[in-house]
Amino acid sequence: MRPLLWLSLGLAQELLPIVNIQAPGIQGIDRSILQQLQRDMAQYLSTNRFSEDVFAPNERIKCLFNIILTALPDPTRFEGTMQVQAIRPVYGSTYETLTLNFNDPDFRINYSATQTLQFSDNTYVDNLTALLNFYAYLILGMDYDSFGPEAGMPFFQKALQVLNLAAANSNEPGWQPSSNFLRSRYWLLENLLNGSYKTFHQLFYRYHREGLDKMHKDPAAAREVLLSVLQDMVRFSQENPNSVLIRAFVDMKGTELMQAFGKALPEQKQRFVACMRQLDPNNLSVYENLLQQSGP
């Protein structure tokens, strides 16, 4: 569970969303429709409740939904990609960290400016609300996982219910197993719920609560925790080479880790780069730049 401070007297929904929709390659699109869709999505996410926990207004989870439209087959059909990010404050600092950074290639919805988005967590209404429900539960699950080992599981189960309802009641992509393994919402959730990958949840918790949240107090010791987590992540990736969770973790934390180890001791930098050689080999040259920087 989250810290007890989240059970406060203030009452608010859980999410504080920002929705941004762009259509750079589509000519003649009605921009007012995009603005209305942005408002409707943000209102849906910010006014519906996705848990039974009580959040104070200043404790809501910041989340970003960045949509790039690539096709408009008809005036009420919108197709493109959607990047979903969730943000968590780091204890004792003004720094914020990502707990989710996922680019969904299958944003496919039907929408008109006159419709009202109806919330239901036990029936399939349409693909737009299914997508919003799915990612609301995923955001909550990842956030709670960062505060307690496997604390996000109830929300991942709720996301599974949304996925199953959508798979049974629509032909839209993304809800069924696909070959697009690393960029599939289906496989991301499957991995998060897969009992074989329980270690990931423990590491995700340690990274945040025992690493980042203690960086303000003792940076050197916190970096040692982060290195321990990364070494265990390497073992996890070797034992589970097909898990999408490693790619998801690197997408969330790669840039942040570079910053965290920018002032590390040379020996810590060496160990960090050795881990990233295994976890993110395609970007190894970026991490190796740390080794050229002198001193902590």
**Message:** Being of a type in the set (Val, Ile, Thr) and in contact with a Gly (Cβ under 8 Å, 6 or more places away or on another chain) is the filter here; which residues of region 63-107 pass it?
**Reply:** Ile67, Ile68, Thr70
**Request:** Tell me, please, whether a residue that is touching a Ser or Thr at 6+ places or on another chain (Cβ under 7 Å) and at pLDDT below 95 can be found in region 134-156.
**Result:** no
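Being in contact with a helix residue (DSSP H, G or I) (Cβ under 9 Å, 6 or more places away or on another chain), in contact (Cβ under 8 Å) with a residue 40 or more places away in the chain, of a type in the set (Ser, Thr, Tyr) and farther than 20 Å from Phe65 by Cα narrows it down to one residue among Tyr124, Tyr111, Tyr135, Tyr144; which is it? Give the steps one after another, and end with the answer.
Numbers: Tyr111 fails: farther than 20 Å from Phe65 by Cα; Tyr135 fails: farther than 20 Å from Phe65 by Cα; Tyr144 fails: farther than 20 Å from Phe65 by Cα.
Only one candidate qualifies: Tyr124.
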**Request:** Kindly list, by first and then second residue, each pair from a residue in region 152-167 that is in contact (Cβ under 8 Å) with a residue 12 or more places away in the chain to a residue that is charged (D, E, K, R), limited to pairs with Cβ atoms under 6 Å and residues at least 6 apart or on different chains.
**Result:** Gly152/Asp145
**Asked** Which residue out of Leu182, Leu192, Leu203 is within 19 Å of Val244 (Cα to Cα), exposed (fewer than 15 other Cβ atoms within 10 Å of the Cβ) and out of contact with any Cys (no Cβ under 8 Å at 6 or more places or on another chain)?
**Response** Leu182
**Request:** Kindly provide the set of residues from region 238-256 that are under 19 Å from the mean Cα position of the chain (by Cα) and either farther than 24 Å from Phe102 by Cβ or without any contact (Cβ under 8 Å) to a residue 60 or more places away in the chain (or both), ordered by number.
**Result:** Ser243, Leu245, Ile246, Phe249, Val250, Gly254, Thr255
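Determine whether Gly80 is at pLDDT below 95 and outside the structural domain of Leu212 (by TED's automatic domain parsing). First the steps, then the outcome.
Details: at pLDDT below 95: no; outside the structural domain of Leu212 (by TED's automatic domain parsing): yes.
In short, no.
The values are calculated or read from the model by the stated rules, or taken from the named source; none is laboratory data. Keep in mind it's a predicted model, so treat the numbers as computed, not measured. Virtual Cβ from ideal backbone geometry, glycine too; neighbours counted across all protein chains shown.
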